[in-house]
Structure formats: structure tokens, C-alpha cells
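Below: the structure, in C-alpha cells.
The values are calculated or read from the model by the stated rules, or taken from the named source; none is laboratory data. All of these numbers come straight from a predicted model, not from anything done at the bench. Here the Cβ is made from the backbone with ideal geometry for all residues, glycine too, and neighbour counts use every protein chain on show.
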Amino acid sequence: MSEVDLDTEVVVHNGEVLPILSSSAKKMNMEKLLRAPLPVFGKSTPGSPFWTWLGFWFCRRVSAVQFRTTSSSTVEELNHEGGSMCCGWHTNGLMDPLGIFLQHPKEFVVGSRHDLVTRPLLGWWTRRLAVQPVVRKAELVRGGCTEEEANHINGRSLLSLASGISHGFGCVLFPEGTSHDKSHMIRFRTGPMRTVLAAAALAKANGQPMPKLVPTGLHFRTKEFFRTDQYIEFGEAITIDAESIPDDMVEAVRKRDWVEPPVELVHHFRDELERRLPELTPHAQTWDEHRGFHLIAHVKARIENKPLKQWSEEVHAAREVRSWYQPNTELPPTTHSDAMLEQAIEAGKILEKHRLDGRDLQTNPRLLRKANPIHGVKSLVRWSFFAIFLPLFVLSLGFQLLMGRLLGDSTDEGLDARTSFQFLAAMFGSMIVWPISALVVTIMLWWQTATIESIFGIDWLHLFGSETYQQWGAAVFVTLIVLPLFWVSGHLFAWAWDDFVDARKAWNRKMMPKDEKMRLSTLIESVITQLNSR
């Protein structure tokens with residue numbers, strides 16, 4: 001296959017436009033990819049149990065700070081004995097699979113874009129987790145590797161993922177094949193369907209429970225914002241009948257050979273996923289239309305005296321509104337000329353201009369909310385605590401904050417990768433910086449031992465005795481105590497940031513120009529009238 005310019009737009013035979021590759025995706029280290037460790041399934045995790053536990057422990061700590069709220073729908077169906085392939089739309093980089101990992105009850109076998117296995121720091125960790133690299137069509141067509149190399153790597157990786165699923169593990173693959181910034185899904189690829197069918201063949205060959213295909217909704221209020229809201233929605237699973245898996249495929253996978261499932265079977269499950277998954281996404285022509293659905297949902301809830309307090313409630317209420325205009329989610333999203341929706345879109349634009357949304361309306365939705373003095377007192381208390389911990393915060397998280405902002409704002413991966421870089425900077429930066437910062441704090445305390453004793457009457461250095469080894473023991477103890485204080489300072493910063501955002505919204509509501517307030521009130525009044533006449 002001839003090499004194509006990596007920065008040139010490419011249209012393949014089916015009319016699909018391949019994405020422009022990021023600088024990282026352009027770097028294909030075939031030697032490292034071929035050396036990527038294979039997962040094993042005779043233990044609790046496909047990769048190293050210790051590194052998997054430690055990695056997800058850190059992920060949960062960072063995720064708790066990065067998102068203001070996180071919720072998920074029921075996972076009762078996911079506790080079945082067989083494995084599960086979760087498929088969602090893909091608009092938020094690493095945060096998409098991570099959200100599923102942290103809310104799903106099973107351990108996961110993981111496949112990812114090839115460069116996540118070869119990057120210097122992240123790659124070391126992903127190899128410990130036995131992440132399997134996948135070469136996308138974009139890398140192949142643009143000459144990043146030969147077709148033979150791509151087929152070998154993908155065949156090995158997909159068979160490994162299928163084996164993990166057949167052994168009862170979970171897996172996440174995104175049928176769109178790339179993260180994007182659109183308000184609706186883009187063209188589906190068949191990789192997830194081919195993988196789960198291979199898993200079904202392996203399960204049938206070994207007498208194991210059949211896996212399920214799980215449509216998964218990934219909902220972020222504003223995905224690129226720090227401290228946004230996150231809702232992971234597990235949809236009704238698509239079952240796979242063992243009788244539908246051909247015997248020749250069962251025999252092939254029994255011998256650990258990758259074989260392509262029948263095309264008609266792959267297309268059947270792709271079409272079924274395409275029918276179900278859009279309902280679990282915004283499925284709007286534009287983000288303005290999406291905000292219009294949400295605004296109508298807020299107005300409707302307020303006139304019914306049932307305000308939407310949770311992000312998950314808002315998602316489902318907006319979906320009900322969207323169903324008025326899109327009764328058949330199999331059809332592509334279209335722009336509608338409905339007067340109420342057009343007015344809601346215009347009102348949503350006014351609110352968005354001032355960083356506001358439907359939550360900023362009063363119980364009487366014609367008016368904007370006023371600031372709550374009680375919230376102001378609570379914010380003052382939390383900011384006071386954060387001020388006390390500010391030196392520790394700067395020392396322990398200042399570098400990560402700076403790097404996350406610089407990397408997130410300068411990446412060529414697009415807006416959908418912004419929070420991924422911030423997350424990685426927070427997690428890996430803390431692993432490196434915190435031990436150093438804790439040592440610096442201990443050295444400073446040792447240096448100022450006499451001063452601390454004269455002011456506070458505490459001789460911390462002789463906490464365990466006056467012997468040299470006891471003083472070193474006190475130093476180690478203090479160093480370890482400092483680490484959770486760093487974590488507390490991070491949480492206090494997150495809460496302080498929430499209070500800052502809330503205060504800024506209150507200020508924006510108060511300072512919105514009078515003519516825009518009047519126009520907003522007129523538009524909401526019209527929406528209320530039309531809702532009442534439905």
C-alpha cells in the first residue's frame with residue numbers, strides 16, 4: 001500500500017473521511033507493539049494484579065477530584081457470569097473508557113490505540129495492565145505500517161480481547177473508532193462486533209456462558225471542563241445466541257487462530273447496536289439543538305414543580321423532549337423548524353453566552369435565580385480551609401495543575417482530549433511529585449525544629465525518642481503523614497473551584513444585560529405557553 005501524507009485528508013472507498021493523525025498517533029514503534037505483553041486469564045485480572053489495583057486506586061482518587069458528580073445506572077444485569085463488551089459513543093478521549101471501568105463490576109481486558117502502549121510513561125503502565133494495541137485504518141492507509149503488520153497486530157489483539165471476554169471479563173471498544181467533538185455519532189466500524197462474536201465462539205467452544213453486547217451511554221455536562229458532571233448509563237444488553245455462531249469459527253478459535261466472523265452476522269449486531277446506542281447519546285444535529293432539548297426539559301420540570309436536581313435526571317428528561325422530535329432514533333438527527341425548539345435554542349444560546357444553563361432559572365422559569373446567601377457562607381468556610389492548605393497545595397499540585405493546563409490547551413488531539421491530558425498530568429504527576437514534595441516538607445520541618453518547638457511546644461523530631469534511629473523514624477512518619485494532607489489539599493481546591501464557578505454564575509446572572517434578560521424571559525414565556533398546550 002502506498003504511503004499517504006499524514007496531514008492530508010483522506011477519503012476511502014466508502015466515502016469515509018479518515019481523521020488527521022495527532023503527532024503521537026503518527027509514531028508507530030512496531031518493535032514495541034510486537035513485544036506488548038499478552039493478557040492471562042487464570043487470575044483475577046488480565047494484567048498484573050498489583051499494578052492493576054494500584055492503577056485503578058489512583059484513577060478513582062483523581063476521578064473523584066476531576067468530576068463534580070459521578071453516577072451510573074443500574075449494573076445488575078452486568079453481574080451475569082459471562083463477559084460483556086461495552087460499546088459507547090466516543091467524545092472524551094481516555095475519560096470515556098475510564099468512566100466505564102470505574103462503574104462496571106467486572107475487571108477488564110483492554111484494547112487501545114497503538115501509541116498508548118508505546119508512550120514513555122503511560123506505555124509502561126499500560127503494559128503492566130496488558131493493554132492490547134490496535135492499529136486503526138487511519139494509520140494503515142497513511143503508511144504508518146504495512147497491511148501485513150497491521151493484520152498481525154490487530155488479529156493478535158482482538159483474539160486476546162475475545163479470550164478475555166469469553167473468560168468472563170469486561171471489555172470496552174468504541175464502534176466509531178476515534179474520539180470526536182460532534183453532537184451525534186459518526187460512522188460505525190465493525191471491530192467491537194467482530195471481537196464479541198469471536199468471544200462468543202470461544203465461549204461456545206469451551207462450554208462457558210455466552211457474552212453480551214452492552215450499549216453504554218457516556219454523558220458529560222461539558223466534557224472539556226474541570227469539575228463537570230458525569231453519568232455512565234448501561235443500556236439493555238444485546239444477547240448472542242450460541243446457535244448463531246458457525247461451527248467452523250468455533251473450531252478455528254479453539255486452535256487460537258483468528259478468523260473473521262460471517263459478514264452477515266457482524267452486520268446484524270452492528271445494525272442492532274446502531275439502533276440502540278444513539279438513544280443513549282445527545283443524538284442532535286448541533287450542540288445548540290442539544291442545549292435546546294435540555295432547556296425545554298428544565299422549563300417543563302419547573303412548571304410541573306419537579307426541578308431536575310441530578311445530572312442523570314436531566315439527561316433522561318432531555319431525552320424525553322428529544323423524542324417529541326425524533327420518535328425514531330434509527331434515523332439520523334435533523335434540524336427541526338418547530339417554533340418551541342427554535343425558541344429554546346435561542347434562549348439556550350443566550351444562557352450559554354454567559355456560561356449559564358437551565359439550572360439558573362428560578363422556580364418561575366421566566367426569571368433567573370438570585371444568589372443564595374447560605375451558599376455564600378458555606379463557600380467562605382471552604383475557602384478559609386483551602387487558604388490554610390494553600391502552601392501544601394502549591395507544593396504538591398501546582399506543577400500538575402500547570403502541566404495539565406498547558407498540555408490540555410496545546411494538544412493537537414482536539415477538544416475531546418483536553419481532560420485526558422489534565423487527568424494524566426494529575427495522576428502521573430502526583431506519583432512523581434508527591435514523594436519529592438513530602439521529602440521537602442520534612443526537610444523544612446527538620447530545619448525549623450527549634451522554631452516549631454518554641455511556637456507550638458512540640459518537639460516532633462523526638463516523637464519516638466532521642467536516639468538517631470528514632471529521629472529518622474519520626475521523619476519517615478511525618479513524611480507519610482504529609483501525603484494524605486496533599487490529597488486533602490486537592491479536594492479542598494476542587495471544592496473551592498466549585499464555589500468560584502457558582503459565584504461566577506451568580507455574578508453573570510446579576511450582570512446579564514437588561515435587553516438579554518427581557519428577550520430570555522419572552523422566549524421562556526413562549527416555551528411555557530407551548531408546553532401547556534401540548
Would a scan of the stretch 248-263 turn up a residue that is among the hydrophobic types (A, V, I, L, M, F, W, C), at pLDDT 95 or above and crowded, with 22+ Cβ neighbours inside 10 Å?
no
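Please enumerate the residues belonging to the stretch 421-447 that are hydrophobic (A, V, I, L, M, F, W, C) and more than 18 Å from Phe58 (Cα to Cα).
Of the stretch 421-447, the ones hydrophobic (A, V, I, L, M, F, W, C) are 421, 423-428, 431-434, 436, 438-441, 443-447.
The answer is Leu439, Val440, Val441, Ile443, Met444, Leu445, Trp446, Trp447.
Take Ala284 and tell me if it is surrounded by fewer than 18 Cβ atoms within 10 Å (Cβ to Cβ), among the aliphatic types (A, V, I, L, M), in contact (Cβ under 8 Å) with a residue 12 or more places away in the chain and out of contact with any strand residue (DSSP E or B) (no Cβ under 8 Å at 6 or more places or on another chain). Please lay out each step first, then the result.
Values: surrounded by fewer than 18 Cβ atoms within 10 Å (Cβ to Cβ): no; among the aliphatic types (A, V, I, L, M): yes; in contact (Cβ under 8 Å) with a residue 12 or more places away in the chain: yes; out of contact with any strand residue (DSSP E or B) (no Cβ under 8 Å at 6 or more places or on another chain): yes.
No, not satisfied.
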What pairs can you find where one residue is in the stretch 46-68 and within 21 Å of Trp495 (Cα to Cα), the other is part of a helix (DSSP H, G or I) and aromatic (Phe, Trp, Tyr), and their Cβ atoms are less than 7 Å apart, with a gap of 6+ or different chains?
Arg61/Trp487; Val62/Phe423; Gln66/Phe423
Exactly one condition in (1) outside any strand (DSSP E or B); (2) assigned by TED's automatic domain parsing to the domain that holds Ser157; (3) modelled with pLDDT of 85 or more is not met by Arg60; state its number.
(2)
Note on Lys370: of the conditions (1) out of contact with any helix residue (DSSP H, G or I) (no Cβ under 7 Å at 6 or more places or on another chain); (2) within 21 Å of Leu492 (Cα to Cα); (3) surrounded by fewer than 17 Cβ atoms within 10 Å (Cβ to Cβ), unmet is (2)
Tell me, please, whether a residue that is touching a residue at least 12 places away in the same chain (Cβ under 8 Å), touching a His at 6+ places or on another chain (Cβ under 7 Å), surrounded by 12 or more Cβ atoms within 10 Å (Cβ to Cβ) and not small (Gly, Ala, Ser) can be found in the stretch 491-505.
yes
Going residue by residue through the stretch 81-98, is there one that turns out to be on the phi > 0 side of the Ramachandran plot, assigned by TED's automatic domain parsing to the domain that holds Gly217 and either outside any helix (DSSP H, G or I) or not small (Gly, Ala, Ser) (or both)?
yes
Being under 26 Å from His184 (Cβ atoms), at pLDDT below 95 and β-branched (Val, Ile, Thr), is that true of even one residue in the stretch 230-246?
yes
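When you check Phe486 against the structure, is it within 30 Å of His375 (Cβ to Cβ), in contact with a Phe, Trp or Tyr (Cβ under 7 Å, 6 or more places away or on another chain) and either part of a helix (DSSP H, G or I) or without any contact (Cβ under 8 Å) to a residue 12 or more places away in the chain (or both), yes or no?
On the way: within 30 Å of His375 (Cβ to Cβ): yes; in contact with a Phe, Trp or Tyr (Cβ under 7 Å, 6 or more places away or on another chain): yes; either part of a helix (DSSP H, G or I) or without any contact (Cβ under 8 Å) to a residue 12 or more places away in the chain (or both): yes.
Yes, satisfied.
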Can you pull out every residue in the stretch 162-191 that is touching a strand residue (DSSP E or B) at 6+ places or on another chain (Cβ under 9 Å), farther than 14 Å from Arg113 by Cα and crowded, with 23+ Cβ neighbours inside 10 Å?
Ala162, Gly164, Ile165, Phe169, Cys171
Please determine whether any residue of the stretch 216-223 is without any contact (Cβ under 8 Å) to a residue 60 or more places away in the chain and surrounded by fewer than 19 Cβ atoms within 10 Å (Cβ to Cβ).
yes
Looking at (1) over 26 Å from Lys106 (Cα atoms); (2) in contact with a His (Cβ under 7 Å, 6 or more places away or on another chain), which one does Val315 not meet, given that it meets all the others?
(1)
